[in-house]
Amino acid sequence: MKNIAIAIDGPAASGKSRVARRVAEDLGYVFVNSGAMYRAFAWQAVQAGIDVTDESQVLTLLADTKFECGECEGVGTVLVNGVDPGEALTEDAVNSTVSAIATYPEVRERLVAAQRAYLDHCNVVMEGRDIGTVVFADTPYKFYIDASPEVRAQRRKAQGIVDSIADRDRQDSTRKASPLVAAEGAEVVDSSELDLEQVVSRVLGKLREQGLVSE
Ligand code: DC
């Protein structure tokens with residue numbers, strides 16, 4: 001039987017990660033944060049000290065980079081040239097370069113292939129920006145988690161993270177390659193006024209309606 005993909009997209013700090021993780025736990029699927037793969041390459045670029053606005057430097061680094069995407073206890077993992085960047089994935093230098101690195105089609109191609117490869121082994125709940133539009137465009141299980149810019153900025157502040165989300169949103173939504181948009185047919189959930197449990201129950205309710213989850 002073919003493995004199943006549940007796609008969860010949305011802007012920065014919309015809460016999609018926590019929702020995706022909970023839905024994956026509930027269903028016994030693997031949770032994959034595709035943003036962590038873009039972040040891992042951005043971290044590599046920061047380590048290498050390259051200029052991420054210079055395409056030739058980015059492509060040279062890409063050619064020298066090996067990604068190993070796997071799974072540990074139901075959660076996707078990523079190694080770049082054998083190294084797990086760990087907490088460094090959310091450091092300021094990565095936050096401020098990741099959207100630029102994600103604009104290059106060659107970078108996206110490599111990472112999209114790694115994302116699709118998960119379905120060879122397991123059912124996944126994958127979250128990101130282009131999961132329902134590109135990575136798993138064929139899946140009938142698509143969600144778009146949104147929240148107002150004010151609520152999202154507040155959430156990041158409460159996490160103590162310096163993240164120019166307005167800037168990243170602009171870059172992510174206006175880039176040529178796979179811009180952030182709600183996929184056609186995606187169930188849109190505005191989480192501005194909802195807590196985690198309420199969003200998770202909306203998602204599971206829709207999956208029940210679709211016959212994926214039993215009553
Ligand atoms: O989900 P996140 O904020 O950790 O993602 C970091 C960046 O990676 C985001 O600003 C854009 C990029 N990204 C992407 O282009 N496509 C994805 N599927 C996931 C993330």
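Here the range 1-19 is the region considered, the condition is being closer than 20 Å to L119 by Cβ and of a type in the set (K, R), and the residue that is farthest from the ligand (Cβ to nearest atom) is K2.
Listed here are the helices (runs of 4 or more DSSP H) enclosed by the range 52-117 that have at least 2 residues being more than 12 Å from the ligand (Cβ to nearest atom): 55-63, 92-95, 105-117. Taking the criterion of being open to solvent by 20 Å² or more (accessible area, probe 1.4 Å) and part of a helix (DSSP H, G or I), the residues of the range 127-145 that qualify are T133, V134. Of the residues R39, R21, the single one that is under 27 Å from R152 (Cβ atoms), touching a residue at least 40 places away in the same chain (Cβ under 8 Å) and open to solvent by 50 Å² or more (accessible area, probe 1.4 Å) is R21.
Scanning the range 25-51 for residues that are assigned to a helix (DSSP H, G or I) and more than 24 Å from I8 (Cβ to Cβ) returns Q44, A45, V46, Q47, A48.
Just one of the numbered conditions (1) open to solvent by 20 Å² or more (accessible area, probe 1.4 Å); (2) modelled with pLDDT of 95 or more is not true of E215: (2). Screening V181 with (1) in contact with a strand residue (DSSP E or B) (Cβ under 9 Å, 6 or more places away or on another chain); (2) under 23 Å from Y29 (Cα atoms); (3) in a loop (DSSP other than H, G, I, E, B) gives one miss only, at (2).
Residues in the range 137-166 that are over 17 Å from the mean Cα position of the chain (by Cα) and acidic (D, E): D138, E150.
Number of residues in the range 156-215 that are over 21 Å from G132 (Cβ atoms) and among the basic types (K, R) equals 2.
When you go through (1) open to solvent by 50 Å² or more (accessible area, probe 1.4 Å); (2) within 15 Å of the chain's Cα centre (by Cα); (3) touching a residue at least 40 places away in the same chain (Cβ under 8 Å) one by one for V124, which number turns out not to apply? (1) is the only condition that V124 fails. Residues that are at pLDDT 95 or above, β-branched (V, I, T) and surrounded by fewer than 17 Cβ atoms within 10 Å (Cβ to Cβ) within the range 169-202 comprise just one, V188.
Conditions (1) on the phi > 0 side of the Ramachandran plot; (2) within 10 Å of the ligand (Cβ to nearest atom), marked per residue:
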| residue | (1), (2) |
| --- | --- |
| Q159 | no, no |
| R168 | no, yes |
| G185 | yes, no |
| D190 | no, no |
| D195 | no, no |
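For G205, the criteria (1) over 16 Å from D9 (Cα atoms); (2) modelled with pLDDT under 95; (3) open to solvent by less than 30 Å² (accessible area, probe 1.4 Å) hold in every case but one, which is (2).
One residue stands out in the range 1-18 among those that are more than 21 Å from P179 (Cβ to Cβ) and open to solvent by less than 50 Å² (accessible area, probe 1.4 Å): the one that is farthest from the chain's Cα centre (by Cα), namely N3.
The values are calculated or read from the model by the stated rules, or taken from the named source; none is laboratory data. Small disclaimer: the values here were computed from a predicted structure and weren't measured. Here the Cβ is made from the backbone with ideal geometry for all residues, glycine too, and neighbour counts use every protein chain on show. Only protein heavy atoms, including side chains, enter the accessible area calculation; ligands, DNA and RNA are left aside. Shrake-Rupley method; radii C 1.70, N 1.55, O 1.52, S 1.80 Å.
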